[in-house]
1. Can you tell me which residue is nearest to residue 299 (Cα to Cα) among those in region 171-194 that are surrounded by fewer than 17 Cβ atoms within 10 Å (Cβ to Cβ) and touching a strand residue (DSSP E or B) at 6+ places or on another chain (Cβ under 8 Å)?
2. Please verify whether residue 215 is in a helix (DSSP H, G or I) and outside the structural domain of residue 351 (by TED's automatic domain parsing), treating the condition exactly as stated.
3. Might you let me know whether region 71-86 holds any residue that is under 30 Å from residue 114 (Cα atoms), at pLDDT below 85 and surrounded by 14 or more Cβ atoms within 10 Å (Cβ to Cβ)?
4. Residue 127 fails exactly one of the following numbered conditions: (1) outside any loop (DSSP other than H, G, I, E, B); (2) farther than 30 Å from residue 56 by Cα. What is the number of that condition?
5. Quick check: anything in region 191-212 free of Cβ contacts under 8 Å to residues at least 24 places away in the same chain and outside any helix (DSSP H, G or I)?
6. Taking interchain pairs and intrachain pairs at least six residues apart, which have beta carbon atoms under 8 angstrom, with the first residue in region 179-190 and farther than 12 Å from residue 169 by Cα and the second surrounded by 15 or more Cβ atoms within 10 Å (Cβ to Cβ)?
7. Quickly run through region 15-35 and pick out the residues that are within 22 Å of residue 62 (Cβ to Cβ), buried (at least 20 other Cβ atoms within 10 Å of the Cβ) and under 47 Å from the mean Cα position of the chain (by Cα).
8. Using the structure shown, decide if residue 231 is at pLDDT 85 or above, within 36 Å of the chain's Cα centre (by Cα) and exposed (fewer than 12 other Cβ atoms within 10 Å of the Cβ).
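The values are calculated or read from the model by the stated rules, or taken from the named source; none is laboratory data. These figures come from a predicted structure and were not determined experimentally. Note: ideal-geometry Cβ built from the backbone for every residue, glycine included; neighbour counts use all protein chains shown.
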């Protein structure tokens with residue numbers, strides 16, 4: 001009995017905001033007491049509205065009251081502290097504006113700990129005890145606190161909707177199933193939930209598989225980006241070696257070639273990264289959809305589950321191929337022998353000038369593309385668009401380009417056209 005009296009005293013001297021013993025207590029005009037810091041913080045949030053209310057009785061004060069320490073209450077709290085009195089037990093947790101309240105509490109409501117789908121009521125820790133101790137009540141279905149329990153009741157018969165009409169795709173009560181839905185395809189809500197749960201499982205498997213496939217595509221793009229960078233670095237290194245052997249005119253233009261290589265590298269890497277970003281966005285969206293399905297799958301309330309199920313958005317098809325390839329680069333070479341002009345172009349949907357040389361040719365010129373170090377493919381022109389024998393080493397090149405306007409094109413990772421100059425100016 002003494003313990004109960006101490007507990008009541010504990011509640012009486014607790015701040016209803018922080019739920020702890022009063023610290024520096026002040027009393028509002030309506031007679032309720034709070035910690036000075038707690039009530040000031042609470043009223044600070046109401047300054048924009050210009051009104052200040054009591055958290056317990058909601059009485060409004062205008063202007064903001066001047067708070068004075070309640071010395072008598074402060075002295076009582078200090079005396080109670082000397083007796084070893086602490087704050088009220090944890091279950092004395094009052095419900096806030098966003099909390100589900102206990103349906104059995106009188107006076108100020110406590111926060112609900114569980115909701116019962118059979119009783120269609122919510123209980124705080126104290127009032128939940130019968131459901132945890134009584135054998136018949138232990139069979140009831142307890143879920144997380146919910147304010148939507150009344151939606152489980154049939155508006156016509158005031159009965160819990162434990163059936164599901166597949167014809168009308170809605171939850172119904174047992175009386176509805178033998179009345180206006182008697183000729184419909186009806187099952188228990190639990191059975192329909194089981195079927196829909198299986199469908200959710202399959203949909204999640206599909207999403208998870210797509211996530212795995214898309215992650216593989218991202219890894220492939222990362223590998224191709226690394227290959228592009230490695231290829232670019234290799235070409236830059238080889239180009240520097242070649243340019244050191246060129247005449248002064250070419251050395252002045254080497255920076256232009258490097259810039260074109262880097263520009264092309266940047267374009268290709270940018271395209272790869274853009275596609276990679278889109279795929280990663282798709283992964284994020286798929287994971288979000290998976291979380292949405294998981295959240296619905298974990299819903300314990302049959303009504304909420306079946307009510308929200310039709311609103312699920314259909315899974316869109318992926319617009320990205322699981323086999324990604326980087327297109328090769330085409331380089332076109334234009335020769336005006338008599339004018340001494342040799343031009344290199346990037347060939348795609350349009351032609352972009354990469355490099356142009358104005359000089360006097362003192363040696364025969366040969367058209368070729370480099371396939372590996374020390375080797376090339378010979379492309380010989382006979383004036384009628386015919387190409388000569390392929391795959392010969394540099395020292396086997398023959399058939400000089402003599403026309404005043406001849407050209408050829410090749411595919412390469414970057415700017416292999418510099419190889420042709422080694423022979424032209426050797």
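1. So in region 171-194, the residues surrounded by fewer than 17 Cβ atoms within 10 Å (Cβ to Cβ) come out as 174-175, 178-180, 182-185, 187-188, 190-191, 194.
Of the ones still in play, those that are also touching a strand residue (DSSP E or B) at 6+ places or on another chain (Cβ under 8 Å) are 174, 184-185, 187-188, 191.
Numbers: 174: 22, 184: 26, 185: 24, 187: 19, 188: 17, 191: 15 Å.
Per the stated criteria, the residue is 191.
2. Working: in a helix (DSSP H, G or I): yes; outside the structural domain of residue 351 (by TED's automatic domain parsing): yes.
It is true that residue 215 is in a helix (DSSP H, G or I) and outside the structural domain of residue 351 (by TED's automatic domain parsing).
3. First pass over region 71-86, keeping only residues under 30 Å from residue 114 (Cα atoms): 85-86.
Next, from what is left, pick out any that are at pLDDT below 85: 85-86.
When the remaining residues are screened for being surrounded by 14 or more Cβ atoms within 10 Å (Cβ to Cβ), the result is 85.
Within region 71-86, one or more residues are under 30 Å from residue 114 (Cα atoms), at pLDDT below 85 and surrounded by 14 or more Cβ atoms within 10 Å (Cβ to Cβ).
4. The number of the failed condition is (2).
5. To start, the set of residues in region 191-212 that are free of Cβ contacts under 8 Å to residues at least 24 places away in the same chain comprises 194-195, 198-199, 202, 205, 209, 212.
From what is left, the residues that are outside any helix (DSSP H, G or I) are none.
Checked region 191-212: no residue is free of Cβ contacts under 8 Å to residues at least 24 places away in the same chain and outside any helix (DSSP H, G or I).
6. 188/162; 188/163; 188/164; 190/162; 190/302
7. Hits for region 15-35 are 33, 34.
8. Details: at pLDDT 85 or above: yes; within 36 Å of the chain's Cα centre (by Cα): yes; exposed (fewer than 12 other Cβ atoms within 10 Å of the Cβ): no.
Against the criterion (at pLDDT 85 or above, within 36 Å of the chain's Cα centre (by Cα) and exposed (fewer than 12 other Cβ atoms within 10 Å of the Cβ)), residue 231 does not qualify.
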